[in-house]
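Just below is one structure, and these are the notes that go with it.
Just so it is clear, none of the values below were taken in a lab; they were calculated from the coordinates. Just so you know, these numbers come straight off a predicted model, no measurement behind them. Cβ sites come from the backbone with ideal geometry, for glycine too, and all protein chains shown count toward neighbours.
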Number of protein chains: 2
Amino acid sequence: MKVLVVGANGQIGKQLVKLLKESDQYSVTAFVRTEQQAREFEDFGVETVLGNLEGTVVELEKALKGSDAVVFTAGSGGKTGYDKTLLIDLDGAVKVMEAAENAGAQRFIMVSALQAHNRQNWNEQIKPYYVAKHYADRILVQSKLTYTIIRPGGLLNEPGTAKVTIAENLERGSIPREDVAKTILAVINEESTFNKSFDLVSGEVPIIEAVKNI
Amino acid sequence: MKVLVVGANGQIGKQLVKLLKESDQYSVTAFVRTEQQAREFEDFGVETVLGNLEGTVVELEKALKGSDAVVFTAGSGGKTGYDKTLLIDLDGAVKVMEAAENAGAQRFIMVSALQAHNRQNWNEQIKPYYVAKHYADRILVQSKLTYTIIRPGGLLNEPGTAKVTIAENLERGSIPREDVAKTILAVINEESTFNKSFDLVSGEVPIIEAVKNI
């Protein structure tokens, strides 16, 4: 099964690419923006494809060709303005969905944010960011893709525990990026997560078990 | 038929409220943000309701109660940042749609922007604004409301001609705000425009005729 990671150069993306590369179930392609990034992945033997989330759906479709699954873990990040939030986190994400539909990449995993589906629980300080994530998720649910929307809590850079709590609605919480990457890996082929959305924070249940019981 | 105008204090909104007030077919309520604005409308004998597009759907639902139709011609405008574009032009608009569905205001007229449905024709200089309008329109099309999406070209403050061109796709063009307001008035009860979207610029066809032939 060929998995394309959009946002491969991000902090979750890099760990996910490594996990996919080590697995015997998947082959991985890193979707990256610059040739410099591509070289870094290729030095580790990872296949890459160049693409730009501000490009057209047709261009993205070419980049996605041949993939069975797409993971969207890209984001414009906190260093750019809300113009990029609209262009990347919302429109960029939806263009990848449309490209996936057109390219026949039926499986789509979206990395969203805790409680993105509940306006009343959006973090006031980055509320416009939640708007973008909310609508990207809504468009995905209405698409024909087989989706899983993972909504992690506050992202940490500490080592993972491989134990999580998964539920439709969770209180504020956090989770190491490593465990988010492991959760993505665990859901790709797990039918119990098909066409489901869930909050994700650190917890007591092993990831494999937690995703089976969704 | 009771029509609620969201964005009543805007440049199109004010002209539309006047047209609705003068018609014998409709009664109008101006949805405004501040008490000062409300007083100005009430001085002209126009009913008002206070509401905030950054509020909750439940609050908006109360403001919409009893309306048969909602016109959304609000916008955060060019003076605020793209944070407000996300909060008002996208999330604010969709919250009004959800409130309309909940309140039983079945008819919904959206003022969008020329070619908002075609990414390749978005104005590069305000592209993030088009993203917000695009997704608000998409959510409206997928709602259960009886919608009409009007996508006017460049808005002018000169007097209207009451003659327009309407089509699914039009080249760049402009139109006086007065003619946009008249077109909104003409579509509210015109069944040929139900669940339709169209571009709108100045032209040669009388508005009443143009909206009948959609």
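Remarks
- Nearest-first distances (nm) between copies at A:GLY45, label 7 Å from Cα via Cβ: 8.3
- Normalised per residue, the volume of the convex hull around the Cα set of the protein assembly as shown (Å³): 143 Å³
- Whole-Å distance, taken between Cα centres, linking the range B:27-102 and the range A:79-139: 25 Å
- Net charge over other residues, Cβ less than 11 angstrom from the Cβ of B:VAL6 (K, R count +1; D, E count -1): +2
- Of all DSSP beta bridges in the protein assembly as shown, antiparallel share, percent nearest 5: 15 percent
- Kirkwood-type radius of chain A, with distances r between different C-alpha atoms, in Å: 17.0 Å
- Counting neighbouring beta carbons within 10 Å and listing from fewest to most, the residues A:VAL46, A:VAL205, B:VAL187 come out as A:VAL205, A:VAL46, B:VAL187.
- Rg then Dmax, both in Å and based on the Cα atoms of the range B:146-201: 10.8, 31.
- Copy-to-copy label distances for B:SER143, where each label lies 7 Å from Cα along Cα-to-Cβ, are 2.4 nm in order of increasing length.
- FRET efficiency for A:GLU54 and B:ASP24, using Cβ-Cβ distance with R0 set to 35 Å, rounded to 0.05: 0.10
- Nearest-first distances (nm) between copies at B:GLN106, label 7 Å from Cα via Cβ: 3.8
- The per residue volume of the convex hull around the alpha-carbon atoms of the range B:4-71 is 80 Å³.
- Axis-nearest residue of A (beta carbon) for the A-onto-B rotation, whole Å: A:TYR82, 2
- Reachable lysines from B:LYS14, criterion Cα separation under 25 angstrom, eight or more residues apart if same chain: B:LYS2, B:LYS62, B:LYS65, B:LYS79, B:LYS84, B:LYS95, B:LYS133, B:LYS163, B:LYS182, B:LYS196, B:LYS212
- A:GLU124 paired with A:GLU35, simple spin-label distance in nm, labels 7 Å along Cα-to-beta-carbon: 4.9 nm
- Loop sites by DSSP among the trypsin sites (Lys or Arg not before Pro) of chain B, restricted to those with at most 12 other Cβ atoms within 10 angstrom, leave B:1-78 as the longest stretch without any of them.
- Local electrostatic count, A:PHE194, Cβ distance below 14 Å [Lys/Arg +1, Asp/Glu -1]: +1
- Each of A:MET97, A:MET1 has some number of other Cβ atoms within 10 Å of its Cβ, and from fewest to most they run A:MET1, A:MET97.
- Three-way shape call for the range A:7-120 based on the alpha-carbon gyration tensor, with the a/c threshold at 1.5: rounded
- For the range A:94-214, the fraction of alpha-carbon pairs in successive 5 Å shells from zero, as %: 2, 12, 22, 23, 19, 14, 6, 1
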